[in-house]
Amino acid sequence: MTNRVEPRTFDTSHYHDDCITILKEKQWLPFLERFNGSNEEVTKQFSFTFNGEKALIGNFSFKVLEDTIAQSLGISPEGEKHFKTKQFKEKSWTQFMSRSRVSSINWKKGVPRSWLMHPWDEMVYIIQIFFTCEGRYNIVYLYHIKLLLHLKG
């Protein structure tokens with residue numbers, strides 16, 4: 001049994017217009033609109049059989065590597081590697097935070113999504129559901145901020 005709600009489809013009516021505008025401008029919306037939902041049984045099979053390199057769904061075995069994911073999505077696997085709590089030098093994340101919260105941020109534990117200003121709080125939620133497949137939608141880590149920086153451009 002999964003411990004989170006699996007996304008079904010991306011419905012623009014569930015999100016604020018300003019978020020949809022940002023997604024359109026950065027050309028992320030076509031990807032999200034093609035998202036056709038998930039299947040709980042397939043998710044379970046994948047999580048039980050994935051060994052770090054391949055997974056087995058029914059009788060179908062397939063590789064799940066950074067290169068195969070990049071190839072299937074048509075994106076380059078090149079770029080900076082980062083972990084959820086890895087600090088980066090500039091404090092560009094402060095532009096997304098409520099000023100009253102900036103001094104109390106601890107990226108080792110993450111921060112509550114409610115500390116982000118609108119529309120970035122909702123943008124992180126979309127990123128967590130459809131891109132990083134988080135299970136805890138209320139916690140934001142630095143890699144979410146990296147994606148927000150890309151969206152803000």
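The values are calculated or read from the model by the stated rules, or taken from the named source; none is laboratory data. What you see is a predicted model; the values in this text were computed from it and never measured. No Cβ is skipped: glycine too gets one built from the backbone with ideal geometry, and neighbour counts run over all protein chains shown. Accessible surface areas use protein heavy atoms only, side chains included; no ligands, DNA or RNA. Shrake-Rupley method; radii C 1.70, N 1.55, O 1.52, S 1.80 Å.
Is it true that some residue in the range 95-115 is of a type outside the set (A, V, I, L, M, F, W, C), part of a loop (DSSP other than H, G, I, E, B), surrounded by 13 or more Cβ atoms within 10 Å (Cβ to Cβ) and at pLDDT 80 or above? Within the range 95-115, one or more residues are of a type outside the set (A, V, I, L, M, F, W, C), part of a loop (DSSP other than H, G, I, E, B), surrounded by 13 or more Cβ atoms within 10 Å (Cβ to Cβ) and at pLDDT 80 or above.
Consider the range 26-47 and keep the residues that are acidic (Asp, Glu) and in contact (Cβ under 8 Å) with a residue 12 or more places away in the chain. The one that is least open to solvent (accessible area, probe 1.4 Å) is 40. Cβ separations smaller than 8 Å between residues 6+ apart or across chains give the following pairs from the range 48-60 residues that are open to solvent by less than 100 Å² (accessible area, probe 1.4 Å) to residues that are among the basic types (Lys, Arg) and not in a loop (DSSP other than H, G, I, E, B): 54/63.
You will find that of 150, 118, the residue that is part of a loop (DSSP other than H, G, I, E, B) and surrounded by fewer than 18 Cβ atoms within 10 Å (Cβ to Cβ) is 118 and no other.
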